[in-house]
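Peer 1: Supplied in structure tokens, the structure appears directly below.
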Amino acid sequence: MPKTKKVGITGRYGTRYGTKARKQVKTILENLKKPHKCPQCATKAVKRISVGVWSCKKCGLTFTGGAYLPVTPLGKEKGRIIDTLTYGSETEK
Ligand SMILES: [Zn+2]
């Protein structure tokens, strides 16, 4: 299957499923496959084992996260809200 610069990782799908769907999958897959930083040892060795389950190959830490990303933008926001509720407003910190 041809893997060009334009189609990249979605070269495996050939001409199937339409351009728009392939482009959307391309961004998701590229972000999924790129190395992610471990929250414990800060090494870029985090891989996805299952949907939402991530594991660090170096320190063996297994944690939950987003389906396609270890930390989603919404998950970051959630953490910020929890911090605010626990430790008071952001300005008080
Ligand atoms: Zn680690």
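Peer 1: Please compute the modelled spin-label separation between Ile28 and Lys6, points set 7 Å along Cα→Cβ, answer in nm with one decimal.
Peer 2: About 2.3 nm, to one decimal.
Peer 1: Just to confirm the number: angle between the C-alpha axis of helix 73-87 and the first principal axis of the chain, 0 to 90 degrees, nearest 10?
Peer 2: Between the helix axis and the principal axis of the chain, the angle is about 0 degrees.
Peer 1: Next question, about the same structure. Would you calculate the separation in nanometres between label points at Thr86 and Phe63, each defined as 7 Å from the Cα along the Cα-to-beta-carbon direction?
Peer 2: A separation of 1.2 nm, rounded to one decimal place.
Peer 1: Among the listed pairs Lys5/Lys47; Lys5/Lys57; Lys20/Lys58, give every one whose C-alpha distance is greater than 31 Å.
Peer 2: Numbers: Lys5/Lys47 24 Å; Lys5/Lys57 29 Å; Lys20/Lys58 37 Å.
Over 31 Å apart, Cα to Cα: Lys20/Lys58.
Peer 1: Another one. Just how large is the dipole of the chain about the Cα centre, in debye to the nearest 20, putting +1 at every Lys and Arg Cβ and -1 at every Asp and Glu Cβ? Before the final figure, lay out each step's value.
Peer 2: Numbers: 21 positive and 5 negative charges, 187 e Å.
With Lys and Arg at +1 and Asp and Glu at -1, about 900 debye.
Peer 1: Just to check I understand the Karplus step: with θ = phi - 60° and J = 6.51 cos²θ - 1.76 cosθ + 1.60, what whole-Hz values come out for the stretch 45-56, glycine and proline as x?
Peer 2: With coefficients 6.51, -1.76 and 1.60, one gets 9, 8, 10, 7, 9, 8, 4, x, 10, 10, 9, 8 Hz.
Peer 1: Using every Cα-Cα pair within the stretch 1-83, state what percent have a distance larger than 15 Å. Working shown, then result.
Peer 2: Numbers: 2169 of 3403 pairs.
Percentage above 15 Å: 64.
Peer 1: Dipole of the chain (Lys/Arg Cβ +1, Asp/Glu Cβ -1, origin at the Cα centre): which of Asn31, Tyr68, Gly18 lies farthest to the positive side?
Peer 2: Gly18
Peer 1: Of all the accessible heavy-atom surface of the stretch 37-93, with the other protein chains kept in place and a 1.4 Å probe, what percent is carbon and sulfur? Numbers along the way, then the final one.
Peer 2: Values: 2470 of 4310 Å².
Ligands and nucleic acids excluded, carbon and sulfur give 57 percent.
Peer 1: May I ask for the angle, rounded to the nearest 10°, between helix 19-33 and the longest principal axis of the chain, with both axes built from Cα atoms and the value confined to 0 to 90°?
Peer 2: 50
Peer 1: OK, next. Tell me the per residue accessible area of the chain using a 1.4 Å probe; a whole number in Å² is fine. Display every interim value, and only then the final one.
Peer 2: Numbers: 7210 Å² over 93 residues.
That works out to 78 Å² per residue.
The values are calculated or read from the model by the stated rules, or taken from the named source; none is laboratory data. The structure presented is a predicted model; accordingly, all values stated were derived computationally and were not measured. Virtual Cβ from ideal backbone geometry, glycine too; neighbours counted across all protein chains shown. These accessible areas exclude ligands, DNA and RNA; they are computed on the full protein's heavy atoms, side chains included. Shrake-Rupley method; radii C 1.70, N 1.55, O 1.52, S 1.80 Å.
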